[in-house]
Amino acid sequence: MTDQLPASSFQPPTPQFDACGERATPADAYDALLGRLRAEHVPYTILWELTHRCNLACVMCYNVSRAEPELTTAECLDVLAQLAAAGALRLTLTGGEILTRRDFFTIAGRARALGFALDLKTNGTLLTPDAAERVADLDPVQVDISLLGATVETSDAVMGGRDTLRRILRGVRLLQERGVRVKLNTLLLDLNLAECQAMLDIAQEFGVYYEQTFKISPNDDGRLKAARYQLSTSQMTGVLLADRTPFLPKPPAASRRTCQVGLASCLVSPYGVVYPCNELRIPAGRLVGERRQRFADIWADAPILRQLRSQHTFANLPDCRGCPLAAYCEGRCAGLAWKERGDPYAGHSLACRHAQARYAEQHLGMSVPETPVQAWILRARDTESHAD
Ligand code: SF4
Ligand code: SF4
């Protein structure tokens, strides 16, 4: 178990992606170890969506439930053994809502018995004293909980449930009382932007880690269900201006990877499908069913993983290579590009909008350049309207 960090542990607004970060030089020994595991393609960290079932209906949820059954308890335990045998060390269990699975503590308990370091992502509303006790017994590295409003009305409107704020904060308190490290995560939407500061105040009052992000993902089937809630460029600029974290524009080197996808992490879906990550849902292989393969074989041989390992560098991104805002671009994501443009090597509009907001924040009053992606979208719209 871990102590709570002091209330100053705020991380500024970013488009946040799991397993994405890259530092030019390692910050510490752990970072250096991660670099080695990536270089050796060890599947060090696995994000596992245990279920797509959920007791809430958040407006920006990107999960799409499939008609096929989710993994059984026995299948989950087998997958755990395979992940451990392949060298995985860190496991993030997420959903849907993990606590809707009756066998959640059986699966999580086995994961700990196999020696995995465990991170949990939950909406927090189902945490009773008993459930919190059992979570504490798992001794997780961290429990991530979403905070999507600072008032009852906003939290309920975003999360599609009743009394969500009180239930979330009760869950946070129950975990804190048992010494579990909690992090609150806020996705900034136009629905909750007015409560941006108030949500930070709540996190400070509780003394937990806290992060605000911008990223609304298209659904897993590519539909843009929640795009209307995405912050505009000027709203993002306002958030960046208020944040005041120093930013240094840096033109990317041609050999730089834009993210770590495929190097030391991947996603397992509730249906036993392995994907490069939670955004890039190009199947790498299946762990169940007639065409099932061993995890270690999928990890070593899947064409999409091999391709991403060798080709995912800035030099291979045709949109981004010539982009006037590349030095300001912090959030290009192969998965979002694939969902929006059908090409993991493309640029995509959220990253472009965020880069424009960053440019505007750095060059107040100057006109903001258009990106190649935006020019392409305008041309496509033009062509469509002429064809009508
Ligand atoms: S701003 Fe857009 S086009 Fe430019 S580098 Fe980023 S994703 Fe690519
Ligand atoms: S594809 Fe996107 S979500 Fe996946 S690791 Fe890269 S930046 Fe992160």
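List of remarks:
- Extension gain for Ala254-Asp382 works out to 42.9 nm (0.36 nm per residue, less the C-alpha to C-alpha distance).
- Debye equation applied to the C-alpha atoms of segment 169-221, log10 I(q)/I(0) at 0.31 Å⁻¹: -1.20
- Nitroxide proxy distance, nm - points 7 Å out along Cα→Cβ at Leu241 and Asp301: 5.7 nm
- Label point distance in nm, Arg309-Thr73, each placed 7 Å from Cα along Cα→Cβ: 3.6 nm
- Averaging over all projection directions, the Cα-based convex hull of segment 126-193 occupies 4.4 nm² in the image plane.
- Annotation: extensible slack from Thr106 through Ala194 equals 27.6 nm (criterion: 0.36 nm per residue apart, minus Cα-Cα distance).
- Environment charge at Ile145 (Cβ cut-off 9 Å; Lys +1, Arg +1, Asp -1, Glu -1): +1
- Extension gain for the segment Asp201 to Arg53, taken as residue separation times 0.36 nm less the Cα-Cα distance, is 50.2 nm to one decimal.
- Fluctuation leader among Ala227, Ala113, Ala136 - the chain, Gaussian network, Cα springs under 10 angstrom: Ala113
- Loop-located trypsin sites (Lys or Arg not before Pro) in segment 233-331 whose Cβ has at most 11 other Cβ within 10 Å (DSSP): Arg244, Arg291
- Theoretical ellipticity at 222 nm over the chain - DSSP helices of four or more residues, -39500 (n - 2.57) apiece, nearest 500: -11000 deg cm²/dmol
- Just checking the listed ones, Ala337, Ala351, Ala315: in the Gaussian network model of the chain with Cα springs under 10 Å, the one fluctuating most is Ala315.
- Computed from label points 7 Å out along Cα-Cβ, the spacing between Glu370 and Gln293 is 4.3 nm.
- Cubic angstrom per residue, convex hull over Cα atoms of segment 164-301: 204 Å³
- Dipole moment magnitude, nearest 20 debye, the chain about Cα centre, only Lys, Arg, Asp, Glu C-beta charged: 580 debye
- Where only C-alpha atoms are counted, convex hull volume of segment 316-388 per residue in Å³: 94 Å³
- GNM result for the chain, Cα springs below 10 Å: residue of Leu127, Leu138, Leu37 fluctuating most strongly: Leu37
- Farthest toward positive dipole pole in segment 276-353 [+1 Lys/Arg, -1 Asp/Glu at C-beta], among Ala315, Tyr328, Pro276: Pro276
- Within segment 179-247, the chymotrypsin sites (Phe, Trp or Tyr not before Pro) that combine a DSSP coil assignment with at most 15 other C-beta atoms in a 10 angstrom radius are Phe247.
- Annotation for segment 195-304: GluC sites (Glu not before Pro) lying in DSSP loop with at most 11 further Cβ atoms inside 10 Å of their Cβ are Glu290.
- Taking all Cα-Cα distances within the chain, those exceeding 39 Å account for 15%.
- Across the chain, the relative contact order, built from alpha-carbon pairs under 8 Å that are at least six residues apart, equals 19 percent.
- Radius 15 Å from Cβ of Thr154, net charge of other residues (Lys, Arg +1; Asp, Glu -1): -3
- Net charge contributed by nearby residues that have their C-beta within less than 10 Å of Gly262 (K/R +1, D/E -1): +4
No value in this document is a laboratory result; all are computed from the given coordinates. Fair warning: this is a prediction, and the values are worked out from it, not measured in the lab. FYI the Cβ positions are ideal-geometry reconstructions off the backbone, even for glycines, and counts take in every protein chain you see.
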